[in-house]
Every structure is written in structure tokens, then in C-alpha cells.
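What follows is a single structure, written as C-alpha cells, with notes after it.
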Amino acid sequence: MVYPPEVELNSETMQGCLKELSGKYSDQYTSSGFPPKICTLILKELISTNKLKCQILDLGCGKGYVGEYLRADGFLHITGIDCSKSLLQTAKASKCYEHLEKHVVGQGELDESHHGKYDVVISASMINNDGWEKDVFHTMMKYVKMGGFIIFTTKLNLNQENQYEEEISTLSQEMHWKFVTDHTFYRYDKLCGGQGKFSNKLVKVVAYQRTDHNEYLIREKDRLEAEAIEFERKQREMEERIKLKEAKLNKNANERANRKM
């Protein structure tokens, strides 16, 4: 039997072994802690339409990680939007996007050809930065089809709570969208050379499905009308009780006056 040569364990050889081990498991690490990968995994679970027909908008596409993962999974119609020309050049080099466009989200809108076009709108690395108002969610809903999905990495505060909880809850109550799923994890930060490490920073990816806000408006109108009818009914009952009470008081007063005569 031939045994492999012994390797002296020192800082250099250990570093090499750890690098090799990290390389072997990099896909697993990425799948469990890298926001663009998590977003695409959730997308695959939600989409039931043909991959060849599915239209996807990647808002804040950056270097194009989302596009790379989706293209590898067989999705073809991916549009990337970013404010950085240099990052768009990197994304273009990946050849994973059908269309790339330079645009600053929150400053104007994409042209109407994007409205209601997409089965899925993804924002893996944009919403989780500070400075966004509720309008950014309305913007995403404007681009997604009715019944389509919006998947994004949200921002957690120091108490690990969703920083946009109030805005998101309001949109849910008003039936702009409904909650589908979420996933909380520790971020895996990719570094140079394809290596990375897990951080102690919790990250949360959420998914919502666009619903018919007009249905909410109709329900709200019906509710207000029903409340108005109920209010009027109670007012009439109260007025009737007051009249009966006054009639009774008048009757008693008349009877007392008759007895004195």
C-alpha cells in the first residue's frame, strides 16, 4: 500500500488547506448567506410560469450577481437597472442581461414600457441601504404585473427589526400587496479571489405579491357606506328613544296636573 506523503502542518500549509476547503464549500456558503443568491432562490420557489417567458427586473443590479444566478438557472429575460455606469459595464460583461439601463431610482421613472411588464421585481442590494421612502415600494409595484412578485433585501435596525415595517404594513393593509415569505440569515460577504466570510450582521429578504388595490378601495367604500348607514340607524333609534321619553314625561306631568284639579 502506498501512503500519501506527509505534509508538515504550519501556518502556510494550514492556510492553503483552509483556502481549498473554503473553495469547495463556497457555493454552500453563498447559498446560505449572500443576498443576491437568496433572492434568486426565493424567486425560483415562487415562479410557476415558463422560465423562457418570465420577465424579471433587477433594480440596483450592481455587478450583476442576480443576473448570473438567474441565467445559470435558465431565465433569459432579465433587465438590469443601476445608477452606476461602471457597475453596468461589469454587469454587461457577464452577458446575463437582456437589457441594461442607467437610471437613478427615486429620481424620475423608467418609461412606460416598463409599467406592469415584469413577473418579478428584485432588489437584492438597494432597499437595505438607508434613505428610502414608501415611494420606492410604489415604484416597484408599478413595474410588476398584477399577481407578480416583489423580492427585496430589507433594512434591519439595531434591534434586528424591519426598518420599513410601518410602510410595508400600510401597503399590506391597503391591499397593494400581500406577504408571501421571508428569510433571515447572517450575511456572507464575498471578498477578493472568490473567498468570503460570514459576518455577524443579520440580513432579511422578504417577498410580497402584488394585489389589486382597487379592490381595497371598493371594500373601503362599502365599509364607509355601511358605517354611515349604521350611524344613521343609531341616530334614528336615539331620536326615537328621546321622543318616547319626552312623551312619557309629558304624560306623567299631565296626570299629576289632573290629580291636583
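The residue of segment 157-195 that is nearest to the chain's Cα centre (by Cα), among those that are at pLDDT below 85 and among the hydrophobic types (A, V, I, L, M, F, W, C), is 158.
Among the conditions (1) modelled with pLDDT of 80 or more; (2) touching a strand residue (DSSP E or B) at 6+ places or on another chain (Cβ under 8 Å), residue 198 misses just one, which is (1).
Scanning segment 15-35 for residues that are modelled with pLDDT of 80 or more, at negative phi, touching a Phe, Trp or Tyr at 6+ places or on another chain (Cβ under 7 Å) and surrounded by 14 or more Cβ atoms within 10 Å (Cβ to Cβ) turns up at least one hit. Annotation note: of 118, 69, the sole residue that is over 13 Å from the mean Cα position of the chain (by Cα) and within 19 Å of residue 183 (Cα to Cα) is 69. Among the residues of segment 34-86, the ones that are assigned to a strand (DSSP E or B) and either without any contact (Cβ under 8 Å) to a residue 40 or more places away in the chain or more than 19 Å from residue 143 (Cα to Cα) (or both) come to 6 in all. Could you list, in sequence order, all residues of segment 111-126 that are modelled with pLDDT of 90 or more, surrounded by 12 or more Cβ atoms within 10 Å (Cβ to Cβ) and on the phi < 0 side of the Ramachandran plot? The answer is 114, 115, 117, 118, 119, 120, 121, 122, 123, 124, 126.
The values are calculated or read from the model by the stated rules, or taken from the named source; none is laboratory data. In this text the structure is predicted, and so the values were computed from the model without any measurement. Ideal geometry is used to build each Cβ from the backbone, glycine not excepted, and the neighbour counts take in all protein chains shown.
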